[in-house]
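Below is one structure, written out as structure tokens, with a few remarks after it.
The values are calculated or read from the model by the stated rules, or taken from the named source; none is laboratory data. Keep in mind that what you see is a predicted model, and the values were worked out from it rather than measured. Cβ sites come from the backbone with ideal geometry, for glycine too, and all protein chains shown count toward neighbours. Just the protein is used for accessible areas: all its heavy atoms, side chains included, with ligands, DNA and RNA removed. Shrake-Rupley method; radii C 1.70, N 1.55, O 1.52, S 1.80 Å.
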Amino acid sequence: MAKSKINEAQTSPASVPVFETSVAEAFRCGTIAIVGRPNVGKSTLLNHLIGQKVSITSKKAQTTRHRITGIFTDVCSQFLFLDTPGFQKTHENALNKILNRTVSQAAADADVLLFVTEALKFSELDEVVLKAIDKTTPTILVVNKIDRIEDKTRLMTFLQEMQARFTFAAIVPTSVKSAQTIVALKGAIRPLLPLAPAVYSGDEITDKSERFMASEFIREKVFRQLGDELPYSVSVVIEKYEQEGDLRRIFANIVVDKNSQKAILIGTKGERMKRIGTDARKDMETTFGGKVYLELFVKVKKGWADDHALLRQYGYE
């Protein structure tokens, strides 16, 4: 997918330091898996590392369900970031077992790992993820959301405690509100990447298709607008995707587990569905660079998150 402008992830060019690299410097290219427990900000971090929105975000745990590659290319390196679902142990259904395997596989495939944790918050689940990391893979500790910490001495203590837990290749405190910390993180990653040519062209930002991105934008709006009103078991299936010039016609099913959930999703006189469709369409038009005609439908598939045939049909296996 080629680059497009997305204001949410952009920062002022004047505020961003430039990499001190030379055209003659050897080119590096490699995969960087972003791992951690749910809700530490992995997907938001990825979007800012790329400079555009390639991964959906919400407050609901494991909003990310697929391994998504975000691509960032500069004059002498190409970063292939792998956004992964948040590793968790709460829901023991077939879907979540698949998502945890996705995390493990991405970590095994990566040249570098970013272990993301929230500043001053290291939980039992953080420990589970950290213990699962292969110590032979260079791992950078990303201490996220440092903008929320007023007492910086507490942050320094936390960093020292984390340093004692694991031999990290680097420790980088970050905040998506600070362009400098994002650039510093890229600077810490680059020397750990293998010497290799670029895999993708310089204008590509993800390996995912527009069809996939459309389904993700819809799912994001469902989670953001309904929050806790709708449980975790929601999926989106694109039934038809047609393009004529700059116009895309997209027909999608939002899959829920119960009839009562269908009523919640549609809302009074269909108002909720309309808002979800409008917000998703705006994201698509910004990302795809053209007009979108979007039609949404709701289907009830009881127990789909434990149905391996449906999970394969929906692209999870």
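For the reader, a short list of remarks on this structure follows.
- Check on Thr206, under 22 Å from Asn47 (Cα atoms), open to solvent by less than 40 Å² (accessible area, probe 1.4 Å) and either over 24 Å from the mean Cα position of the chain (by Cα) or of a type outside the set (A, V, I, L, M, F, W, C) (or both): yes
- Identification of strands (runs of 3 or more DSSP E) wholly contained in region 204-317 with 3 or more residues that are modelled with pLDDT of 90 or more and hydrophobic (A, V, I, L, M, F, W, C) yields 247-256, 292-300.
- Condition met for Ala184 (of a type in the set (Gly, Ala, Ser), in a helix (DSSP H, G or I) and over 19 Å from the mean Cα position of the chain (by Cα)): yes
- Near pairs, Cβ below 8 angstrom, 6+ apart or cross-chain, from region 175-192 (more than 17 Å from Thr139 (Cα to Cα)) to any residue that is at pLDDT below 95 and among the charged types (D, E, K, R): Ser175/Lys145; Ser175/Asp147; Lys177/Asp147; Ser178/Asp147
- Restricting the search to strands (runs of 3 or more DSSP E) fully inside region 25-114 and requiring at least 3 residues that are modelled with pLDDT under 85 and over 22 Å from Phe212 (Cα atoms) gives an empty result.
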